[in-house]
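Visitor: Sharing a structure here in structure tokens format.
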Amino acid sequence: MMLRHRKELALTVCLMALPLVFAGCSTGYTSQPGAGAPAATSPSILPVQPTNGIKQSNEGGAVTISAELMGMRDSALVFRVTMDTHSVDLDRYDFKELAELRDDAGNQFQPITWDAAPGGHHRQGTLTFPVPDTLTQGKARYVEVVIREVTDVRERVLRWEL
């Protein structure tokens with residue numbers, strides 16, 4: 001009788017631990033001291049994979065902006081965005097105000113969050129958007145992040161072909 005209870009207890013403990021193990025694996029994010037914004041360790045699962053790579057960049061107005069499609073997390077589409085320059089203070093740019101997500105159906109989405117620490121000439125952060133229905137349904141041919149008014153560049157378009 002006692003052996004049976006030990007087996008049941010062991011099984012219960014294992015079953016209770018599984019969600020914790022999977023939660024740690026599925027988020028894909030770890031906190032790095034001093035980094036300011038979470039750094040992604042690996043992309044999460046997407047309904048479709050970009051055919052032109054997960055990282056796109058745009059250079060203009062003495063600023064290079066790169067965005068890496070990290071995947072979906074908590075019902076949001078997550079991008080790691082990096083800005084680099086040698087002459088512009090990048091801390092004044094708030095991508096929650098300057099960015100949007102578009103899909104090929106003409107839908108536009110405003111950011112849910114822009115999480116970035118100050119960085120001066122080199123800045124990195126996480127930009128999240130609602131996940132377009134066209135993406136989850138596998139109907140989207142592309143999604144693009146549009147960033148407006150960084151330096152003298154009116155509009156930067158970073159596109160992921162699906």
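Visitor: For region 131-147, what are the residues that are surrounded by 15 or more Cβ atoms within 10 Å (Cβ to Cβ) and in contact (Cβ under 8 Å) with a residue 40 or more places away in the chain?
Guide: Val131, Pro132, Leu135, Thr136, Ala140, Val143, Glu144, Val145, Val146, Ile147
Visitor: For Phe22, state whether it is among the aromatic types (Phe, Trp, Tyr) and at pLDDT 95 or above.
Guide: no
Visitor: Within region 148-162, restricting attention to residues that are over 13 Å from Leu98 (Cα atoms) and at pLDDT below 95, which residue is surrounded by the most Cβ atoms within 10 Å (Cβ to Cβ)? Walk me through it before giving the result.
Guide: Restricting attention to region 148-162, the residues satisfying the condition of being over 13 Å from Leu98 (Cα atoms) are 152, 158-162.
Cutting the leftovers down to at pLDDT below 95 gives us 152, 162.
Values: Asp152: 9, Leu162: 20.
For region 148-162, the residue satisfying everything is Leu162.
Visitor: Here is a follow-up. Taking the stated definitions as given, is Arg92 farther than 17 Å from Thr134 by Cα, exposed (fewer than 15 other Cβ atoms within 10 Å of the Cβ) and among the charged types (D, E, K, R)?
Guide: yes
Visitor: I'd like the full set of residues that are out of contact with any Leu (no Cβ under 9 Å at 6 or more places or on another chain) and of a type outside the set (Gly, Ala, Ser), limited to region 97-111.
Guide: Those that are out of contact with any Leu (no Cβ under 9 Å at 6 or more places or on another chain) and of a type outside the set (Gly, Ala, Ser): Glu97, Leu98, Glu100, Arg102.
Visitor: Just checking, which of Ala76, Ala37 is modelled with pLDDT of 70 or more and small (Gly, Ala, Ser)?
Guide: Numbers: Ala37 fails: modelled with pLDDT of 70 or more.
Just a single option satisfies the conditions, and that option is Ala76.
Visitor: Can you name the number of the only condition in (1) crowded, with 17+ Cβ neighbours inside 10 Å; (2) part of a loop (DSSP other than H, G, I, E, B); (3) modelled with pLDDT under 95 that Pro118 fails?
Guide: All conditions pass for Pro118, except number (1).
Visitor: Take Leu101 and tell me if it is part of a strand (DSSP E or B), within 13 Å of the chain's Cα centre (by Cα), in contact (Cβ under 8 Å) with a residue 40 or more places away in the chain and more than 23 Å from Ala62 (Cβ to Cβ).
Guide: yes
The values are calculated or read from the model by the stated rules, or taken from the named source; none is laboratory data. Source: prediction; values computed, not measured. Reconstructed Cβ throughout: ideal geometry from the backbone, glycine too, with neighbour counts over all protein chains shown.
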